[in-house]
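Trainee: Before I ask anything, here is the structure I am working with.
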Amino acid sequence: MASERLDTTRLQAMALAYQQSAALMAAVEIDLFTAVSHGANTIDAVAARLDITRRNAERMLTALSAMELLTKSGETYANAPDVERFLVKGSPRYAGPWITFTKPRWERWGKLSEALRQKTERVLGDYENFTVEDARRYHTATNSIGMGAGRRFARQVDLSGRKLILDLGGGSGAYSIVAAQTWPQLRAIVFDLPPVAIVAREFIAQHGVSDRVTAMPGDFTKTAFPAGADVVIMASNLPQYSPELIQLVVGKAFAALEPGGEMHLIGETMRDSRDGPLNPTLWGLNEAVFNSTGQAHSEADVKGFFARAGFTGITVNEFIPGVLSRITGRKPG
């Protein structure tokens, strides 16, 4: 039997994948999905609503349909269900800022080969120079998906018997805000870099939980942790750090926790075979672009960090398939 003939189709698709990113981001930037949702659902209607040429409207609608972001029935278009839920302005789940947030990274990813040749790294890479404005831009983009993740966490984990959350690298405070809204007895401390803590206080105030959720400035790899927490959360920042730093932080969390307390690390973890899923591996590669010491970690890596720190009853739970796992451990006592 003759061997299968190889061609470059798969490789070309990868090389041109940026075109799909560009089409999606442009659709968000010109509010195309919002226009379709509000009734501009033909080529002529989209052209008129968005003040673009009919030819360009047809080009976009055709491409977005092929990408399955739109559905087409005759001459009429509609948003796909996830697009309708997350990419229509005015929706409480609107995630447009997050979709376009990484656009400025295109140029830097285009120089990945140069970044890979760098021999010097900084612990936090470019994050070491984070300003308040950087933090505000970043967390305005991430807050919508962060609140969704916080709600998912609240559905998965019962904290009805807990008193104080320490939210490490908590960003906008989404997990703490949702937890405080869900369990009235809970207090929370969002622990993040000083510029981020300023922005976190703004989000906490917007959600009306400033009486029970506070923001503490500090570098959790260096600053001492506050006492009294019976829950520690560390979410969506795993690839930003080296194994040594993750081990350090998990050890500090164990020491700071009250006996019987629990830690939840929600992270972009690879399979133990270290060959995927794709999303966590790319987050690890992103750290080369930003010249940090961070890298992708496997579920087994994180379980090891927990076990060496002293946690027991360690479990790995699916959080977002192919993207995030939730690793949990308890402090004996």
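The values are calculated or read from the model by the stated rules, or taken from the named source; none is laboratory data. Keep in mind that this is a model prediction, so the values were computed, not measured. Every residue, glycine as well, gets a Cβ built from its backbone with ideal geometry; the counts of neighbours run over all protein chains shown.
Trainee: Among the residues of region 156-170, what is the count of those that are of a type outside the set (A, V, I, L, M), assigned to a loop (DSSP other than H, G, I, E, B) and in contact (Cβ under 8 Å) with a residue 40 or more places away in the chain? Show your work before the answer.
Mentor: Filtering region 156-170 down to residues of a type outside the set (A, V, I, L, M) leaves 156, 158, 160-163, 167, 169-170.
Still in the running and assigned to a loop (DSSP other than H, G, I, E, B): 158, 160-163, 169-170.
In the following step, the residues that additionally are in contact (Cβ under 8 Å) with a residue 40 or more places away in the chain were identified as 162-163, 169-170.
Residues in region 156-170 being of a type outside the set (A, V, I, L, M), assigned to a loop (DSSP other than H, G, I, E, B) and in contact (Cβ under 8 Å) with a residue 40 or more places away in the chain: 4 in total.
Okay, residues lined up against (1) under 25 Å from GLN156 (Cβ atoms); (2) aliphatic (A, V, I, L, M); (3) assigned by TED's automatic domain parsing to the domain that holds MET270:
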{"site": "ASP192", "(1), (2), (3)": "yes, no, yes"}
{"site": "PRO195", "(1), (2), (3)": "no, no, yes"}
{"site": "ASP211", "(1), (2), (3)": "no, no, yes"}
{"site": "PHE220", "(1), (2), (3)": "yes, no, yes"}
{"site": "ILE233", "(1), (2), (3)": "yes, yes, yes"}
{"site": "LEU238", "(1), (2), (3)": "yes, yes, yes"}
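Trainee: Could you please find all residues in region 173-207 being part of a helix (DSSP H, G or I) and basic (Lys, Arg)? Even if it seems obvious, please write down each step before you answer.
Mentor: Restricting attention to region 173-207, the residues satisfying the condition of being part of a helix (DSSP H, G or I) are 174-182, 194-206.
The one that is part of a helix (DSSP H, G or I) and basic (Lys, Arg): ARG201.
Trainee: If you scan region 110-119, which residues turn out to be part of a helix (DSSP H, G or I) and either modelled with pLDDT under 90 or surrounded by 10 or more Cβ atoms within 10 Å (Cβ to Cβ) (or both)?
Mentor: Our first condition is that a residue be part of a helix (DSSP H, G or I); within region 110-119, this holds for 112-116.
The answer is LEU112, GLU114, ALA115, LEU116.
Trainee: Scan region 272-285 for residues that are without any contact (Cβ under 8 Å) to a residue 60 or more places away in the chain, of a type outside the set (Phe, Trp, Tyr) and in a helix (DSSP H, G or I) and jot them down. Show your work before the answer.
Mentor: Initial filter on region 272-285 (without any contact (Cβ under 8 Å) to a residue 60 or more places away in the chain): 272-284.
Pick out the ones that are also of a type outside the set (Phe, Trp, Tyr) and you get 272-282, 284.
LEU278, ASN279, PRO280, THR281, LEU282, GLY284, listed by residue number.
Trainee: Continuing with this model, one more query. Determine whether ALA174 is buried (at least 21 other Cβ atoms within 10 Å of the Cβ), hydrophobic (A, V, I, L, M, F, W, C) and either under 26 Å from GLU128 (Cβ atoms) or over 16 Å from the mean Cα position of the chain (by Cα) (or both). Steps first, please.
Mentor: Details: buried (at least 21 other Cβ atoms within 10 Å of the Cβ): yes; hydrophobic (A, V, I, L, M, F, W, C): yes; either under 26 Å from GLU128 (Cβ atoms) or over 16 Å from the mean Cα position of the chain (by Cα) (or both): yes.
Considered against the rule, which asks whether it is buried (at least 21 other Cβ atoms within 10 Å of the Cβ), hydrophobic (A, V, I, L, M, F, W, C) and either under 26 Å from GLU128 (Cβ atoms) or over 16 Å from the mean Cα position of the chain (by Cα) (or both), ALA174 comes out as yes.
Trainee: Only one of ALA215, ALA197, ALA180 is buried (at least 17 other Cβ atoms within 10 Å of the Cβ), among the hydrophobic types (A, V, I, L, M, F, W, C) and without any contact (Cβ under 8 Å) to a residue 24 or more places away in the chain; which? First the steps, then the outcome.
Mentor: Values: ALA215 fails: without any contact (Cβ under 8 Å) to a residue 24 or more places away in the chain; ALA180 fails: without any contact (Cβ under 8 Å) to a residue 24 or more places away in the chain.
Answer to the check: ALA197.
Trainee: Consider THR328 against the criteria (1) touching a His at 6+ places or on another chain (Cβ under 9 Å); (2) at pLDDT below 95: it satisfies all of them except one. Which criterion is unmet?
Mentor: Single failed check for THR328: (2).
Trainee: I would also like to ask the following. ASP82 is checked against (1) in contact (Cβ under 8 Å) with a residue 12 or more places away in the chain; (2) assigned to a helix (DSSP H, G or I) and fails just one. What number does that condition carry?
Mentor: It is condition (1) that ASP82 fails.
This table checks each residue for (1) among the small types (Gly, Ala, Ser); (2) out of contact with any Lys or Arg (no Cβ under 7 Å at 6 or more places or on another chain); (3) not in a loop (DSSP other than H, G, I, E, B).
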| residue | (1), (2), (3) |
| --- | --- |
| VAL88 | no, yes, no |
| ARG108 | no, yes, yes |
| ARG136 | no, yes, yes |
| ALA154 | yes, yes, yes |
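Trainee: Related question: GLY146 passes all but one of (1) closer than 30 Å to ASP211 by Cα; (2) touching a Phe, Trp or Tyr at 6+ places or on another chain (Cβ under 9 Å); (3) free of Cβ contacts under 8 Å to residues at least 60 places away in the same chain; which number fails?
Mentor: (3)
Trainee: Any idea which of (1) buried (at least 22 other Cβ atoms within 10 Å of the Cβ); (2) modelled with pLDDT of 95 or more; (3) not basic (Lys, Arg) is the one PHE220 doesn't satisfy?
Mentor: In the conditions (1) buried (at least 22 other Cβ atoms within 10 Å of the Cβ); (2) modelled with pLDDT of 95 or more; (3) not basic (Lys, Arg), PHE220 misses (2) alone.
Trainee: Within region 292-303, work out how many residues are assigned to a loop (DSSP other than H, G, I, E, B) and either surrounded by fewer than 17 Cβ atoms within 10 Å (Cβ to Cβ) or charged (D, E, K, R) (or both). Before the answer, list the steps.
Mentor: Taking region 292-303 and keeping what is assigned to a loop (DSSP other than H, G, I, E, B), we get 293-296.
Applying the additional criterion that residues be either surrounded by fewer than 17 Cβ atoms within 10 Å (Cβ to Cβ) or charged (D, E, K, R) (or both) yields 293.
Going through region 292-303 one residue at a time, the tally reaches 1.
Here is a yes/no grid of residues against (1) over 31 Å from the mean Cα position of the chain (by Cα); (2) in a helix (DSSP H, G or I); (3) modelled with pLDDT of 95 or more:
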position: ALA27; (1), (2), (3): no, yes, yes
position: ALA35; (1), (2), (3): no, yes, yes
position: ASP44; (1), (2), (3): yes, yes, yes
position: ALA47; (1), (2), (3): yes, yes, yes
position: ILE52; (1), (2), (3): yes, no, yes
position: ALA57; (1), (2), (3): yes, yes, yes
position: ALA63; (1), (2), (3): no, yes, yes
position: GLU68; (1), (2), (3): no, no, yes
position: ALA78; (1), (2), (3): no, no, yes
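Trainee: If we scan region 9-25, do we find a residue that is closer than 19 Å to LYS89 by Cα and either among the β-branched types (Val, Ile, Thr) or part of a strand (DSSP E or B) (or both)?
Mentor: No, that holds for no residue.
Trainee: Now for a different question. Tell me, which residue of region 261-271 that is part of a strand (DSSP E or B) and over 17 Å from the mean Cα position of the chain (by Cα) is nearest to GLN240 (Cα to Cα)? Write out each step before concluding.
Mentor: Going residue by residue through region 261-271, those that are part of a strand (DSSP E or B) are 262-267, 269-270.
Still in the running and over 17 Å from the mean Cα position of the chain (by Cα): 262-263.
On the way: GLU262: 22, MET263: 19 Å.
Within region 261-271, the match that is nearest to GLN240 (Cα to Cα) is MET263.
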